1. Scanning the range C:280-292 for residues that are open to solvent by 40 Å² or more (accessible area, probe 1.4 Å) and either in contact (Cβ under 8 Å) with a residue 12 or more places away in the chain or farther than 15 Å from C:A399 by Cα (or both), which turns out farthest from the chain's Cα centre (by Cα)?
2. Return the pair list, or none, for Cβ contacts closer than 8 Å from residues in the range A:336-364 that are within 13 Å of another protein chain (Cβ to nearest Cβ) to residues that are open to solvent by 50 Å² or more (accessible area, probe 1.4 Å) and in a helix (DSSP H, G or I), at least 6 apart or on different chains.
3. For the range C:419-431, which residues satisfy the criterion of being of a type in the set (A, V, I, L, M) and free of Cβ contacts under 8 Å to residues at least 40 places away in the same chain?
4. Pull up the range C:32-60, narrow it to residues that are of a type in the set (A, V, I, L, M, F, W, C) and closer than 14 Å to C:G125 by Cα, then point me to the one that is surrounded by the fewest Cβ atoms within 10 Å (Cβ to Cβ).
5. Considering only residues that are more than 25 Å from B:A97 (Cβ to Cβ) and either open to solvent by less than 10 Å² (accessible area, probe 1.4 Å) or more than 9 Å from every other protein chain (Cβ to nearest Cβ) (or both), which ones fall in the range B:245-264?
6. Can you find a residue that is in contact (Cβ under 8 Å) with a residue 24 or more places away in the chain, surrounded by 15 or more Cβ atoms within 10 Å (Cβ to Cβ) and touching a Gly at 6+ places or on another chain (Cβ under 8 Å) anywhere in the range C:197-208?
7. What number of residues within the range C:106-124 satisfy the criterion of being part of a loop (DSSP other than H, G, I, E, B) and buried (at least 17 other Cβ atoms within 10 Å of the Cβ)?
8. State which residue pairs qualify: first residue in contact (Cβ under 8 Å) with a residue 12 or more places away in the chain and inside the range C:43-60, second residue among the polar types (S, T, N, Q) and surrounded by 17 or more Cβ atoms within 10 Å (Cβ to Cβ) in any location, beta carbons under 8 Å apart, and separation of 6 or more residues or different chains.
Amino acid sequence: MLRNEKKEVSCIAMMRMNTVKIILSICLLTCTAGCSADVTEISDIALVTATGIDYDKKTKKYTFTSYCLLPTTTSTANTGKLSDWVVSASGSSILDAAKKLRSQVGKTLIWQHNKFIIIGEGAARYSFYEIMDFMIRNRQIRITSFLFVSKGRAVNLLHMNTETEDLLSNDLLGKVRNEKDWGRSISQSIQNIANWNTDPYRGFVAGKISKSRHSFKSKDALSLSGGSVFNHGKWVGWLDEQDVLVVHLLSDKSKWKNLTFSESFPFHDSNVTLHFKLDKQSIQCRDTDGPTVDIHLSLTSTVGEIEHYLSVDKLDTIIQLEHAASTFLENKIKHSLSHFQKDLNVDVIGFSDLFYQHYPKEWAALKHKWSDIYPTIPVQAHVTVKIDKLGLNQYLGDH
Amino acid sequence: MAAQNKITHGQLSCLVFSYLSGFSTLFLSEAALLKQDVWMSYLIGMTLAIGMLWLLCYVQWKHPLLTMVEISDKLFGHWVSRLVLMIYLIYMLEMQAAACRALSTFYTTVVIPNMPSNQMILLIILCTTYATYLGLTTIVRAVQITLPFFLVGILIICFFLLRDVETNPFLPQFQHSFSEVMYGSLLSLYFPFGKLVVFGFLLARVKNMKKIFSSSIFGLILAALYLLVSAYLTLGTIGIHLAGTATFPFFSSIQMVKFGEYLERIEITIIGIWTIFTLFEIVVLQYVFTILLRHVFRIKNMKPFILPIGLLFFISAQKSFLRLSDLTFYNLNIAPFSTMLPIAIIPIMLSIMTLLRKEKT
Amino acid sequence: MVLHSDLIHASNEMNLNKLRQIFSDNESLVIRSLMNKNGSLLASFVYLNILVDEKYLNQHLVRKLNEDLYIKTGPANELALNTLNSLGTVIELKHIEAVVSLITDAGIAVMVEGSCVAYGILMPGYETRAIEEPKIEINVRGPKESFTEDLQQNLSMVHRKLKTPDLKSISYVIGQQSQTKVMLLYLENRIDPTLLAEIRNKIESIQLDVLIVNAQIEELIQDNIFTPFPQIFSTERPDRIATALGRGKAAIITDGTPIALIAPTSFFEMLHPSEDLYERFYFANFLRVLRLICLFISLFGPALYISLTTFHLEMIPTPLMMAFISSKAGIPFPTFIEAILMETAFEILREASLRLPRAVGQSVSIVGALIIGEAAVQSGIVSRPMVIVVAMTGIASFAIPSFSTAIALRMLRFPFILIAASYGVFGLSLSMFILIMHLCSLQTFGVPFLEPVSFNSIRDTLMKYILLPVKYRENVMQVKAGRADAPQRKKGGFLHRNDEDEYR
């Protein structure tokens, strides 16, 4: 009996508790259901898929450009179609410009699906810090989106039509995806850039986007090729396609894991083109008598095309060809590295990180005169190439 | 105490792990401070926490039939014991306010910027009050239900992040001075490892007294491992410089996870699971708070006071740490030192008193 | 049952008068009397002609009794008892009330003049439904019989599956007016005695006027009244009962209800149909996972969709997002309203198809859903993804075997939609927390409703969630170890909440 009574008492207490809770939660719910300030209805949004930022040094104004996607019609009969729309505004700060966009747009702009941030040459040169700060502070901008520096103003590039008549963002995404088949363009995520940007010792390479005019076409086209070099948080110059390929080869594994590229070089009296794929890469630094860097690359390769007859079915020829390819690549790497070291004096590969990580004591002495030492560091590149496949046909036969 | 109201030692491990791991990876402030040397501070902090735990278990073993509050009454006498328990009450109030604020700040910064944080804290407190009301055995069972989901989620995340880590982020080692490492250890002792001190008041609730130490150590080590792994991944994926300046470094690294080309930005799912998990910390704090309050004020029937305690929690959370900088300042400059009193000094005093009493008899 | 009672009088006429009084205004009461040659009363039969088998009564009972009373010599009541004993089980009745309850229970009361004891014999002659195939819990490989409204038949079905004297059945009569028979079944060597005592206590304390279906019993014996979740499993399959009894549970069968109750039950058992046991264990486990997914979808489907499309747009993959944008263009309602609208429409359709006459019902459910969904999309009231989400949610909820659990989930979906529309994933997390907490707090007869992982034995834990191959299942293991006689009790399974000790 006693137990029952107790149970009853607790039951009543529980009921009271429940009613209090229910009333409270109902009050809360009815007050707020569906009318939170954070709600964005899908039907009201314009999806920003590419963003451009320009800076005019004279007027000190930023121009903020958004490439948006909107549904074509408001009737449901014709669904599945999206149209693109480019809008830009300028202001004294990026945020100011971005907010001004709101007055020109009848939709809520959503940046969460934005994958490309294109920065004008001037902006990259003169106000890169502010741009990066804006990027990583803003919650809507993903740190995995790619940053490109445009030759010319970014706003002009975003206004261009693509050759495939596809949406610009899809086109760009496809071009980024194709990077692994070519290796002459580079796409760098904001996260990497933000991490390297404040490093006083190393620079980095970001993507480059430019207009390219073909002689056989009247229209200009967007192209991703080459790269842009940053040092000390500022844009310092462009990088040509060959150098970008070397940057790929000497970067983190994610950059070369799926990379295949082709190179042509003279061999005997013929010109040979090979497809290469990087298998193993190691960059080691030593600090025995002065800092040195050793690079070991091993690649596998397939014969792509041969200009004249070559007896590639013979082992001797293949070995010679492998040697030739190795020396060709070694020279290429040396050439690019000397460009980075001597002409640019920018540590784009991140040798400073290597010294810091593996020789912390020596690094303490090195780092004060790093900018003087870096151009003089001897770099040994060792490349081994293995030609493991010849293609469907061994050779076409002699004349 | 009735046998039905007790928890098993395995459940204790689960509770310890989830209590410690809820918030531990949110700020990673010691990782931002010590970067690659953070593992040392975790190791030292964990060792210190194990010591503290051993003291508590020692005291409990010597008085197997009493709860920790009764032991403190017995050792210190009624009035001093009340004072001691008051210190713990204040400690827990601070901790929960910091936890609520951290959670609401995180949400307003990252997910829902326009949501009033008061509303959020109120909702959180209502949930935890309900849990406190249901009792320890229910809480523990709920932990057991949610823990596998959390672990699976985190394991998937870790797996995908691990692919992005290319160079060992814990290199070069031993670059920080002794005082820096010690300060980092102090930080990690205060948060998260030292939080474990409140479990002293729950030790009497475990069925198998012999295993209280080993099972809570198990939970603690798992929590430390989780913390270490997330620090490793954070430094490895978003880079040392960015990890030092990001407000929520582990969150930023979770943002990097993508499954192929198609599915990315899945951090919301993780935040969802993680939110449930963080609530358990506040629940445990509120539960222990209720136990202590009952003892300090000698209240017979505690049920009607649970909602008022929740409201007290709400008010204290709502009035404190209005700026994120306040919270950071508190976390870095005040709390590591002020919380030494409940975390270290009182357990030591308890064990010394136990030792003295034993010698007398 | 009734303590103050009229004893049966030696004079038959007085007894009959009393019965006539009690059954006044009851057309079906029949009183037939056997007279001596000299016209004095020998014995009388009293019964309700709508309940008893009158044909059998006339052909056998009346004739035989008549003959015996006339021909044989001896005390009349002994003669009558002998005759009745040769025809069936005889119940001796000493009180008028006992006679009354026998008569209402399809019995015939025989009162011999000059005797203070009446004899009763049960002779049910009403029509019962034949055993049919299960209608609710349909399965492919299992037995194809289901309970009927007749208690005896149901009991026999269970007995045929468990041919052991350990199968005990305690019978209760519940309901002042309805006098409904309720049987508690259990296997003596399997059930935990404290559990049995608790269930018996609960059943004995039931006070009801009229008991029609056992849902009333379910309501009265469950521990938590205010929860939306059913805590006692109900089934129409005898094989299910047999399995449950073998696992140390108790079953409650009620006369007049073709559904039996199983107690105690855990949440996961609600999700497992008996089919699981009859399929290959790989497939059965696959189905279990599938049903867990269904559970999640039916609870959180629309809520998740709302919170993703209004709060967390970044979570949706970009190509899908583009598709959403184009399909949502021009829809006049916000997503939240859309969801409530469609969910309500779905519930209406479901309810209507259930209640409509069977001939029409089928067409309403399928055609209605198709037409309304398509029309809503065509006219631009509701977006396509929302229709898909709602339909998916509805179908997922049908995949949950326990109907009452499915209803609970369906109901909870609405508050979740509301919360998701106001707080997004944050609100969803909190409500999931509350839900888990609530489920963990539930107990049936001291057994936790949501069973956690046990640390005592890995096999125990595995067995709770995964269906092992038959060789490794619980029952087989017990027999192997020779512990079949010992009462089994799971460690740590019986946690009572004692308010005194909490917060210490």
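1. Ranking the candidates gives C:Y282 first.
2. Listed by first residue and then by second, the contacts come to A:S352/A:K367; A:F355/A:E362; A:Y356/A:K367; A:W363/A:Y356.
3. So the first thing to find is which residues in the range C:419-431 are of a type in the set (A, V, I, L, M), and the list is C:419-421, C:425, C:428, C:430.
Residue satisfying the conditions is C:L430 alone.
4. C:I50
5. The answer is B:S253, B:I254, B:V257, B:F259, B:G260.
6. For the range C:197-208, residues in contact (Cβ under 8 Å) with a residue 24 or more places away in the chain, surrounded by 15 or more Cβ atoms within 10 Å (Cβ to Cβ) and touching a Gly at 6+ places or on another chain (Cβ under 8 Å): present.
7. Residues flagged as part of a loop (DSSP other than H, G, I, E, B) and buried (at least 17 other Cβ atoms within 10 Å of the Cβ) within the range C:106-124 amount to 4.
8. C:A43/C:N12; C:S44/C:N12
The values are calculated or read from the model by the stated rules, or taken from the named source; none is laboratory data. Keep in mind that this is a model prediction, so the values were computed, not measured. Don't worry about glycine lacking a Cβ; one is built from the backbone with ideal geometry, like all the others, and counts go over all protein chains shown. When the accessible area is computed, the model is the full protein with side chains, heavy atoms only, and any ligands, DNA or RNA have been set aside. Shrake-Rupley method; radii C 1.70, N 1.55, O 1.52, S 1.80 Å.
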